[in-house]
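Structure first, then comments.
Only the coordinates and a few stated rules stand behind these numbers; no lab work does. Computed from a predicted model, the values in this text were never measured in an experiment. Note that we place each Cβ from the backbone using ideal geometry, even for glycine, and neighbour counts take in every protein chain shown.
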Amino acid sequence: MRKAGSFDKAVSALRIERCYQCGKCSAGCPMGSVMDAPPHRIMQWVGRGAIDRAVNAESIWLCVSCQTCTARCPQTVDTAGIMDEVRALAWREGVCSPAMVRTKLFLEAFLDSVRRHGRLNETELIAKYKIRGFLSDYKMALLLKDSMLAPRLIKRGKFRLFGGKSGDRDVIKRIFDKCEKVAAAEANDKTPKEAHHG
Amino acid sequence: MNLLLGYYPGCALHGSSSDYESSIQACLQAFKIRLVELNGWVCCGASAAHSVNPLLSKSLSARNLAIAEREGYTELLAPCPLCSMELCKARHTILEDEEHRKQLSDIVELPLQGKTRVINVLQVFESIGQAELREHVKQPLTEVRAACYYGCLLTRPPKVVEFDDCEHPNSMEGILEALGASTVKWNFATECCGAGMTLAREETVIELSHRILANAVAHGANCIVVACPMCHVNLDMKQEETRKAHPELPQLPVYYLSDLVGLAVGLKESQLGVDKHFVPAELDLLSEPAETR
């Protein structure tokens, strides 16, 4: 059974308790048809404290953050914001189903690059993502995918081997450290809460 | 107009979407709007940061807002709608939540008041105004029948970006019609193309993009107009892949809004970067029927 304190506070600020399960978020969701649990189901689980089920759903990694759900909610629930909070919790606890590992690896590679340079280096992102992806399942397809795109990008001046760097990289590292420290402290800040499953 | 705007390029415009940057710069220069790049800007963290650490996401954007404030910009142009939305979101928090503002200011190591307003490319053209746009036209876009594609974040979430109508936007139509183009009514103007999932979940992007392209064609459009680097990647660069999965789909040129404004005011395709698109997008092609393209 999960216990969570700061998570409850965060989703409450995003008005989870106002959700009355009308399903409008799922009706407009571009990914709803391929999700194991569409947004209104995630909202239901979060709302009644069954957070384990929400954290383990594949759909939190399929969400494209298009904000349609938040824009359309008749109860002004920030549905996409709550998806972020659930994903962040899953991230902190290292929960991710095997089918969704690539999405997680992509996000990791993205943030690594921003932490190091203050800006995204696309070449580094792609290299890291592909190598880590390959090491996770040893499938060649991902390594080779789009390899023919590189020369076409180069020809169009759309490929920069060395990405730009921000001048304030020490500050960026400190910003990352501080935010991760806050997240880690929140992960430990667990006050008892009754969870209902099923 | 003789205007100077703070400019936040974001990573995409300095990477694989460099054609969007050249398009905007060339186009706005024609209206005497000068862009000054924000000193020491940092990545907004994109979907990666808000997906795994919402505080990090707000902090990265807050750092950029603090720099813009320090440099004294009243307005900051962020042409990528994701960057723009993230910056707007951070600014909202700063203006509305004093406790959070202090926390963010501590984290980013700079004073933070939320003084600088964040704007998108459409807002720049709207401030130029239809009358002045019309005056500048050298080559009316009579052959253009555009499906104006707003995607997700130009208008969403409405309380954060406070721009146009999130279900039935029409600002892009107004701008294009002032240039002599016609626009089509269609169903997918604000549907998602799959955004940043291009690498991690390509099959998602292909299916979502296909629905958008097919609907534009079905409603008689001969091109799609976007104002987002990710929409452009998914609809233009990935169009060949999408057409492999859906061979009945004809080729459809995808323009940045600034491409078409630039062409209308007499700029060349090469000045704007239109020749860098994957799907051929020379204006002459639009007068040919889709099947022969």
Pair A:Arg169, B:Gln113: separation of 7 Å Cα→Cβ label points (nm):
3.3 nm
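Can you classify the range B:115-197 as rounded, prolate or oblate using the Cα gyration tensor, where a ≥ b ≥ c are the square roots of its eigenvalues, rounded means a/c under 1.5, and otherwise it's prolate if a/b beats b/c and oblate if not?
Judged from the Cα gyration tensor, the range B:115-197 comes out oblate (a/c at least 1.5, b/c at or above a/b).
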What spacing in nm lies between the two simple spin-label points modelled at B:His136 and B:His246, each 7 Å away from Cα in the Cβ direction?
3.4 nm
Could you give the DSSP H helices of chain A that reach 18 angstrom or more along their long axis (alpha carbon positions) and whose average Kyte-Doolittle hydropathy is no lower than -0.5?
A:79-92, A:101-117, A:122-137, A:169-188
Just the number, please: Stokes-Einstein D of the range B:137-292 in µm²/s, Kirkwood Rh from C-alpha pairs, 10 °C, 1.306 mPa s.
102 µm²/s
Listing B:Tyr73, A:Tyr20 from the residue with the fewest other Cβ atoms within 10 Å to the one with the most, what is the order?
A:Tyr20, B:Tyr73
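Sorted from fewest to most neighbouring beta carbons within 10 Å, what does the list A:Asp84, B:Asp164 look like? Don't skip to the answer; put the middle values down first.
Working: A:Asp84 24, B:Asp164 21.
Going from sparsest to densest Cβ surroundings: B:Asp164, A:Asp84.
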Other chains' Cβ within 10 Å of B:181-191 residues: what's the mean?
1
Heads up, the protein assembly as shown by the C-alpha gyration tensor (a ≥ b ≥ c square roots of eigenvalues; a/c under 1.5 rounded, else a/b over b/c prolate, else oblate) looks prolate
How large are Rg and Dmax for the range B:38-119 when calculated on the C-alpha trace, in angstrom?
11.2, 32
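Can you compute the helix-only [θ] at 222 nm over chain A? Use -39500 (n - 2.57) per DSSP H run of at least 4 residues, normalise by all residues, nearest 500 deg cm²/dmol.
Values: 12 runs with 116 residues, N = 198.
Dividing the helical sum by the residues of chain A leaves -17000 deg cm²/dmol.
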Using alpha-carbon pairs under 8 Å, 6+ residues apart, how would you state the relative contact order of the range A:6-96 in percent?
36 percent
For each of A:Thr79, B:Thr116, B:Thr74, B:Thr242, count neighbouring Cβ atoms within 10 Å of the residue's Cβ, then give the residues from fewest to most.
B:Thr74, B:Thr242, B:Thr116, A:Thr79
Please report, in whole Å³, the volume per residue of the convex hull around the C-alpha atoms of the range A:6-96.
76 Å³
Post the alpha-carbon centroid distance, the range B:79-106 to the range B:192-232, in whole angstrom.
29 Å
Can you list residues whose amide H is under 5 Å from B:Cys223's amide H, if they're 5+ apart or on another chain and H is modeled 1.01 Å from N?
B:Arg145, B:Ala147
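Strictly over 24 Å apart at the Cα level, which of A:Lys165/B:Lys115; A:Lys139/A:Lys181; A:Lys158/B:Lys238; A:Lys104/B:Lys58 would you flag in this model? Let's see the in-between values first.
On the way: A:Lys165/B:Lys115 26 Å; A:Lys139/A:Lys181 35 Å; A:Lys158/B:Lys238 14 Å; A:Lys104/B:Lys58 20 Å.
Correct reply: A:Lys165/B:Lys115; A:Lys139/A:Lys181.
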Residues whose placed amide H lies under 5 Å from that of B:Arg117, excluding near-sequence neighbours:
B:Glu75, B:Leu76
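At 222 nm, what value in deg cm²/dmol follows for chain B if DSSP H runs of at least 4 each add -39500 (n - 2.57) and the sum is divided by all its residues, to the nearest 500?
On the way: 15 runs with 135 residues, N = 293.
Computed ellipticity for chain B at 222 nm equals -13000 deg cm²/dmol.
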Explain nothing, just compute: Karplus ³J(HN,Hα) = 6.51 cos²θ - 1.76 cosθ + 1.60, θ = phi - 60°, for every residue of the range B:175-191 in order, whole Hz, x for Gly and Pro.
5, 5, 5, 5, 9, x, 7, 9, 10, 9, 8, 8, 9, 10, 4, 10, 7
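About its Cα centre, how strong a charge dipole does the range B:137-292 have in debye, to the nearest 20, once Lys and Arg get +1 and Asp and Glu get -1 at the Cβ? Intermediate values should be presented prior to the final figure.
Working: 12 positive and 22 negative charges, 46 e Å.
Using only the charged Cβ atoms, the result is roughly 220 debye.
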Packing-ranked peptide list from A:56-67, A:8-19, B:39-50, highest mean Cβ count within 10 angstrom first, is B:39-50, A:56-67, A:8-19
What aspartates and glutamates sit close enough to A:Lys128 to cross-link, taking a C-alpha to C-alpha distance under 16 Å and skipping anything fewer than 8 places away on the same chain?
A:Glu108, A:Asp112, A:Asp137, A:Asp146
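Mind checking the mean number of beta-carbon atoms from other chains within 10 Å of the Cβ atoms in A:66-74?
On the way: counts 11, 11, 8, 2, 6, 11, 5, 1, 0.
For this peptide, the per-residue mean of nearby foreign Cβ atoms is 6.
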